[in-house]
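The values are calculated or read from the model by the stated rules, or taken from the named source; none is laboratory data. As the structure is a prediction and not an experimental result, all values here were calculated from the model. With ideal geometry, Cβ positions are generated from the backbone for all residues, glycine too; neighbour counts draw on all protein chains shown. Surface areas here come from the heavy atoms of the whole protein model, side chains and all, with no ligands, DNA or RNA. Shrake-Rupley method; radii C 1.70, N 1.55, O 1.52, S 1.80 Å.
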Amino acid sequence: MATVGLVSSCAGVRPMAPLLRQGVQKMRSSQLHTTARSASKDYYEVLVLGGGTGGVSMSARMKRKVGAGNVAVVEPSEKHYYQPLWTLVGAGAKPLAPCSRPTASVIPSGVKWIQSRVQKLDPDKNCVHLENNQKISYKYLIIALGLQLHFEKIKGLPEAFSTPKIGSNYSVHTVEKTWKALQDFQGGNAIFTFPNTPVKCAGAPQKIMYLSEAYMRKTGKRPKAKIIFNTALGVIFGVQKYADALLEIIKSRDITVNYKYNLVEVRADKQEAVFENLDKSGETEVYQYEMLHVTPPMGPQNVLLNSPVSDAGGWVDVDKETLQHKKYPNVFGIGDCTNLPTSKTAAAVAGQSGVLDKTISCVMKGKPPAKKYDGYTSCPLVTNYNRAILAEFDYSAQPLETFPFDQSKERLTSFHMKADLMPFLYWHGLLKGYWGGPAPIRKLLHLGLK
């Protein structure tokens, strides 16, 4: 396991510490964090599963609550990704490199990073089993394991990604293939898909469609292109106000939308995409493509399937207002791995993190949770290389907008929030446990009325 090598490094450095002090001060934070790591304990007051957005944010908050030495994060990956920016990477508007940082650099200093995979959760015994027969016990458990992509559930994938004309903004391995396919496109069908499963950032499949259409117009290729959005959903967007705005854009740009069409196969050798018609059982339709952007089916992590902490679908079963587990009071969930009935976005995690912080504080004090999560989530719907619609809404699919103007309008300011402000806020606010969503700003700008 990786921690063994890290312990060896520590042992060799300590005797030379006085000689290396000046050099160490110049090291990056990620290096400092790595060389400072020691062997895992077998018990932590707060154990966080997952080093993604929710896990890192909550570990920072828990560090301030119980002390760094009492918090551990289980995460196998060496890199942490800011995935919301991949929409712009796939359209050539941002480079990929700034979207990632070493995991060691985002785990709060002093908090233990256990670089391993979760094998089993045993909430009845307050412990978690990891790789190499390692067992960690806890007093409080925060589950932030995210979800997993299932390209393999589409026949012909993922092997089709080795061929031209196909990409996906949902994976670090395929996002740059989207940009290559867009650059190489000369005419014909450009197809964008949405699967018949829950997804993270449900607006992303059509964001790349709008950006691609804009790129084709800019490069003079639009007259030869047919833009097609085949979605397994029955609507373009789940909030009527923003759906109406998007449908106007779709109409003005001559984009074809086919509802209840689910991608089931890619025949890369023939450049064919096969879709099932969800309204007509057993009926399929084959489309020729010159560009294909795939949004893969998604689902819960394998370790959560048939787990005592999960519902029948494999999602962590938490109270939608407090994020406390419905059966185990010392277990909590946040983000994409939960069954919260709201969109799975980084903005939702921000809103959840502030509520979960308050919930855990109450539980630690033996009090019932008081703060309630309203389902807040946000989706900056990028519609051009300099425009976006800033969708914000709650559990009831009603707009919950921060600014006192109509956010369903395409605006330059909304685009720059997506492209420039939100990444900064992510790295320096949310991951450090200081950003819990825009509710205080909304209250101020709406004079407390909203």
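Things to note:
- The mean of 1/r over all pairs of different alpha-carbon atoms in the stretch 151-297, once inverted, gives a Kirkwood hydrodynamic radius of 15.2 Å.
- Note, ³J(HN,Hα) from phi for the stretch 335-352, Karplus 6.51, -1.76, 1.60, rounded to Hz, x at Gly and Pro: x, 5, 7, 8, 9, 4, x, 9, 5, 8, 9, 5, 5, 5, 4, 4, x, 5
- Sorting 329-336, 199-206, 361-368, 380-387 by their mean Cβ neighbour count within 10 Å, with the most densely packed peptide first, gives 329-336, 199-206, 380-387, 361-368.
- Surface analysis of the chain yields an accessible area of 44 Å² per residue, using protein heavy atoms and a 1.4 Å probe.
- Given the choices [x] 4, 20, 29, 25, 16, 6, 1, 0; [y] 4, 22, 32, 27, 12, 2, 0; [z] 4, 16, 19, 18, 16, 10, 5, 3, 3, 3, 1, 0, 0, P(r) over Cα pairs in 10 Å bins from 0, in percent derived from the coordinates of this structure is entry [x].
- Carbon plus sulfur fraction of accessible area for the chain, probe 1.4 Å, in percent: 53 percent
- Calculated [θ] (222 nm, deg cm²/dmol) that DSSP helices of n ≥ 4 give over the chain, each run adding -39,500 (n - 2.57): -8000 deg cm²/dmol
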